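The values are calculated or read from the model by the stated rules, or taken from the named source; none is laboratory data. Note that this is a predicted model, so its numbers are computed, not measured. So basically every Cβ, Gly included, is an ideal-geometry build from the backbone, and we count neighbours across all protein chains shown. The area values use the complete protein model at the heavy-atom level, side chains included, leaving out ligands, DNA and RNA. Shrake-Rupley method; radii C 1.70, N 1.55, O 1.52, S 1.80 Å.
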Amino acid sequence: MELQLPLWFEITSIAVLLLIVIADLVLAYKRPHIPSTRESSLWVGFYVLLALIFAVLMFFFAGAEHAGQFIAGWLTEYSLSIDNLFVFVIIMARFSVPRKYQQEVLMVGIIIALVLRGIFIVLGAQLIQNFSWIFYIFGAFLLYTAIQQAFQNCEEMDDKESGVIRLLRRRIPISQEFDGAKLRTVVDGKRMFTPILVVFIAIGTTDLVFALDSIPAIFGITTSAFIVFTANVFALMGLRQLYFLLGDLIEKLVYLKYGIAFILAFIGVKLVLHALHENELPFINGGKGFDWAPEIPTLTSLGVIVVSMAVAVGASLIKIRMDRRREVGSAPH
């Protein structure tokens with residue numbers, strides 16, 4: 001089903017969204033501070049409300065199907081963005097980034113994420129338009145990513161990052177201490193980079209990995225480049241505030257990664273089924289599609305995403321409560 005939207009609506013939407021993101025990032029740069037829980041909650045709520053308003057506008061301009069695709073795509077990207085926060089927490093802790101300057105670091109991470117996802121969206125849309133068999137590759141990649149998501153631990157990721165950092169320290173003069181949020185500083189009369197550079201590179205490589213994961217995932221829900229891009233922008237909106245809102249809770253949501261892994265696996269299966277249904281590869285079934293391969297509707301995808309995240313978060317919160325009770329019960333009286 002082709003997306004039918006007025007050109008002025010698409011251009012205006014993208015322009016307004018980018019202006020909001022830029023204003024948010026400039027605000028973070030001008031006012032470096034640690035947001036309170038109330039401030040972070042209000043901003044996250046504001047951005048969620050904006051996404052819902054945009055979905056309503058999509059409903060009126062393009063119909064229920066495309067509004068549903070946007071909601072499902074936005075929730076998928078939002079889920080993966082929350083997963084991204086796990087890695088940001090590890091990076092911030094590993095390099096002891098002062099909490100006051102973490103906003104600037106997150107700001108750079110969001111800019112990198114926007115640029116990378118924009119590039120991958122353009123490439124993905126072109127591939128899908130010209131090569132329908134790419135869904136086989138997208139689907140297989142998401143299934144592989146889902147397995148990695150479920151079984152890879154943070155220690156393994158730290159080991160990989162430490163190799164990159166050791167290489168950087170050998171090649172580039174990097175100071176031991178931060179100098180505010182500055183990228184360069186002077187130590188004993190010698191100009192050198194601060195550890196902020198290493199943090200930026202670590203976050204940039206992380207964003208690259210997540211862009212590779214998230215773009216095939218949302219193309220499994222919609223083939224509209226406009227929906228894919230807007231869903232990604234809305235998912236990245238408020239990510240900085242969400243980081244401070246969740247705080248230490250992020251590390252305690254131990255089952256969240258399984259919920260995200262299930263979503264990726266589901267979309268991977270959906271993509272493979274779609275590829276089988278539309279098959280054009282001559283060495284598979286003589287280049288004909290498989291009638292038995294179902295096309296999973298958007299509403300079903302939306303339900304799976306919501307239920308998966310709700311179960312994963314709910315189970316994590318129950319575990320947190322049970323762990324606290326055990327700690328209280330085992331404490332000496």
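Using 0.36 nm times the number of residues separating Q126 and I11, minus their current alpha carbon distance, what extension gain do you get?
Values: separation 115, 0.36 × 115 = 41.40 nm, distance 1.96 nm.
Extra length available between Q126 and I11 comes to 39.4 nm.
Tell me whether segment 25-139 comes out rounded, prolate or oblate; compute the Cα gyration tensor, take square roots of the eigenvalues as a ≥ b ≥ c, and use a/c under 1.5 as the rounded threshold. Don't skip to the end; give the middle numbers.
Details: a/c = 2.53, a/b = 1.48, b/c = 1.71.
Taking the square roots of the gyration eigenvalues as a ≥ b ≥ c, segment 25-139 is oblate.
Anything in the chain that counts as a DSSP H helix reaching 20 Å or more along its axis (C-alpha) with Kyte-Doolittle mean of at least 0.5? List them, would you? The partial results should precede the final answer.
Working: long enough: 7-30 (34 Å, 1.96); 37-62 (37 Å, 1.71); 64-94 (45 Å, 0.80); 102-130 (42 Å, 1.53); 134-151 (26 Å, 1.50); 154-171 (26 Å, -1.11); 195-219 (36 Å, 1.90); 256-277 (32 Å, 1.62); 298-330 (48 Å, 0.75).
The qualifying helices are 7-30, 37-62, 64-94, 102-130, 134-151, 195-219, 256-277, 298-330.
Within 10 Å, count the other beta carbons around each residue, average over each peptide in 189-200, 267-278, 218-229, and list them highest first.
Details: 189-200: 16.6, 267-278: 20.8, 218-229: 23.5.
The densest-packed peptide leads the list: 218-229, 267-278, 189-200.
For the chain, take every pair of Cα atoms, bin their distances at 10 Å starting from 0, and report each bin as a whole percent.
In whole percents, the pair-distance histogram is 5, 23, 31, 24, 12, 4, 1, 0.
Given Q103, L197, S175, which one lies farthest toward the positive end of the charge dipole of the chain, if we put +1 on the Cβ of every Lys and Arg and -1 on the Cβ of every Asp and Glu?
Comparing the listed Cα positions along the dipole, S175 ranks first.
Under a Cβ-only charge scheme (Lys and Arg +1, Asp and Glu -1), can you give me the dipole magnitude of the chain about the Cα centre, in debye to the nearest 20?
Numbers: 26 positive and 26 negative charges, 257 e Å.
In total the dipole reaches around 1240 debye.
With point charges of +1 on the Cβ of Lys and Arg and -1 on the Cβ of Asp and Glu, referenced to the Cα centre of the chain, which listed residue (L116, M92, S41) lies farthest in the positive direction of the dipole?
Going by the Cα projections, it comes out as M92.
So what is the relative contact order of the chain, in percent, for Cα pairs below 8 Å that sit 6 or more residues apart? The partial results should precede the final answer.
Working: 365 pairs, mean separation 96.6, N = 333.
Relative contact order, the chain: 29 percent.
Could you tell me the calculated FRET efficiency between V254 and T300, based on Cβ-Cβ distance and R0 = 30 angstrom, to the nearest 0.05? Working shown, then result.
Details: r = 28 Å, r/R0 = 0.92.
E(calc), rounded to 0.05, equals 0.65.
As an exercise, use a Förster radius of 41 Å and the Cβ-Cβ distance of R171 and W133 to find the FRET efficiency, rounded to the nearest 0.05. The partial results should precede the final answer.
Details: r = 41 Å, r/R0 = 1.00.
Step by step, r from the Cβ atoms, then E = 0.50.
Counting only protein heavy atoms and a 1.4 Å probe, tell me what percentage of the chain's accessible area is made up of carbon and sulfur.
67 percent
Once you charge only the Cβ atoms, +1 for Lys and Arg and -1 for Asp and Glu, what is the size of the charge dipole of segment 275-326 about its Cα centre, to the nearest 20 debye? Write out the running numbers ahead of the final one.
Working: 6 positive and 5 negative charges, 170 e Å.
My answer is approximately 820 debye.
Mind checking which of A235, G287, G220 is farthest towards the positive end of the chain's charge dipole, using Cβ charges of +1 (Lys, Arg) and -1 (Asp, Glu) about the Cα centre?
Among A235, G287, G220, the one farthest towards the positive end of the dipole of the chain is A235.
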